Amino acid sequence: MPASSPLDILSATPLFAVGLTLAAFLLGNLAFKRLKKPTWLPAILMAALLLAATLAVIGLPYERYREDARWLTILLGPATVALGMPLYQQLPHIRVLWRPITICLPIAASLAACYAVMIAWLLGSPPLILASLAAKSVTAPIAIGITEQIGGSVALLLGALLVTGVATAAFTGIAARLLKIEDERIIGFALGLNGHAIGTVRAFEIGPTAGAFASLGMSLTGIFTALLLPLAWRLIGVGG
């Protein structure tokens, strides 16, 4: 029998992939703090780039890493549910704005799904890529289920989620300043609706009110998209 390589020995159990993920996350957070928390370079982006570089250097195939680290995605569900606490704390503020939220959400969530798909379609992208981009503004636990249902690639989706979250965190603040919007409720809702978990993290850095409305935007966008996107996908017949 051929001798096992050091990589085969290390990756014999899922603990190696989990350890790489946690190490990248901790180093990304450390670098983020050392760089004085730049909005254009969030910790999760640095962690993702570090992890990707590590996998390339050691030669660990992404498919194998993903399979070993799969159980970590189970934690996304409880983490999303835990956001209900700040929502509960901000219920008085949410009740005051239920009418504009009800009007804004369907329009904004639909645009979030449509503009990326439309751009990709105009550039001649195949149905696989279109399906992988459709749920890019939805929090990962829900987005993965939607993407699998409509026939997209989860790997491409995760990349789209990262890019969308980073862009939202970086540009929402700039847009708010240009439009002279100072209300944390509006800024937070926009961050959560468009930037899912990454935008919500950025909102909590602004303040608890922004974080609560980001949680609201992220949750409602996930529910709205999960209910209507698969149905719309079948009706328009993308990919046959």
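Residues checked against (1) in a helix (DSSP H, G or I); (2) closer than 19 Å to Ser110 by Cβ; (3) among the hydroxyl-bearing types (Ser, Thr, Tyr):
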{"position": "Thr168", "(1), (2), (3)": "yes, yes, yes"}
{"position": "Glu182", "(1), (2), (3)": "no, no, no"}
{"position": "Ala190", "(1), (2), (3)": "yes, yes, no"}
{"position": "Asn194", "(1), (2), (3)": "yes, yes, no"}
{"position": "Val201", "(1), (2), (3)": "yes, no, no"}
{"position": "Gly217", "(1), (2), (3)": "yes, yes, no"}
{"position": "Leu220", "(1), (2), (3)": "yes, yes, no"}
- Any residue at all in the range 177-198 that is at positive phi and free of Cβ contacts under 8 Å to residues at least 24 places away in the same chain? yes
- Message: Quick check on my filter: what residues within the range 178-194 are touching a Leu at 6+ places or on another chain (Cβ under 7 Å) and either in the same structural domain as Asn29 (by TED's automatic domain parsing) or over 18 Å from Ala113 (Cα atoms) (or both)?
- Response: Arg185
- Message: Cβ-Cβ distance below 9 Å, separation of 6 or more or different chains: which pairs start in the range 213-235 with a residue that is more than 17 Å from Ile144 (Cα to Cα) and end on one that is aromatic (Phe, Trp, Tyr)?
- Response: Phe213/Phe189; Ala214/Phe189; Ala214/Phe204; Ser215/Phe204; Leu216/Phe189; Gly217/Phe189
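Condition check ((1) assigned by TED's automatic domain parsing to the domain that holds Glu63; (2) surrounded by fewer than 23 Cβ atoms within 10 Å (Cβ to Cβ); (3) modelled with pLDDT of 90 or more; (4) of a type in the set (A, V, I, L, M)) across all residues:
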| site | (1), (2), (3), (4) |
| --- | --- |
| Ile129 | no, yes, yes, yes |
| Thr147 | no, no, yes, no |
| Leu157 | no, no, yes, yes |
| Ala176 | no, yes, yes, yes |
| His196 | no, no, no, no |
| Thr200 | no, no, no, no |
| Met218 | no, no, no, yes |
- Report whether or not Arg234 is assigned to a helix (DSSP H, G or I) and over 30 Å from Pro126 (Cβ atoms). no
- Note on the structure: Subset of the range 204-215, residues assigned to a helix (DSSP H, G or I) and either farther than 19 Å from Gly28 by Cβ or acidic (Asp, Glu) (or both), comes to Glu205, Ile206, Pro208, Thr209, Ala210, Gly211, Ala212, Phe213, Ala214, Ser215
- Message: Take Gly152 and tell me if it is closer than 30 Å to Leu20 by Cβ, surrounded by 14 or more Cβ atoms within 10 Å (Cβ to Cβ), assigned by TED's automatic domain parsing to the domain that holds Ala226 and without any contact (Cβ under 8 Å) to a residue 12 or more places away in the chain.
- Response: no
- Within the bounds of the range 85-96, is there any residue that is exposed (fewer than 13 other Cβ atoms within 10 Å of the Cβ) and under 22 Å from Leu228 (Cβ atoms)? no
- Inside the range 13-68, counting only helices (runs of 4 or more DSSP H) that do not spill past its ends, which hold 1 or more residues that are at pLDDT below 85, surrounded by fewer than 17 Cβ atoms within 10 Å (Cβ to Cβ) and among the hydrophobic types (A, V, I, L, M, F, W, C)? 15-34
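The values are calculated or read from the model by the stated rules, or taken from the named source; none is laboratory data. Note that the structure is a prediction, hence the values are computed from the model and not measured. Cβ atoms come from the backbone with ideal geometry, glycine included; neighbour counts cover every protein chain shown.
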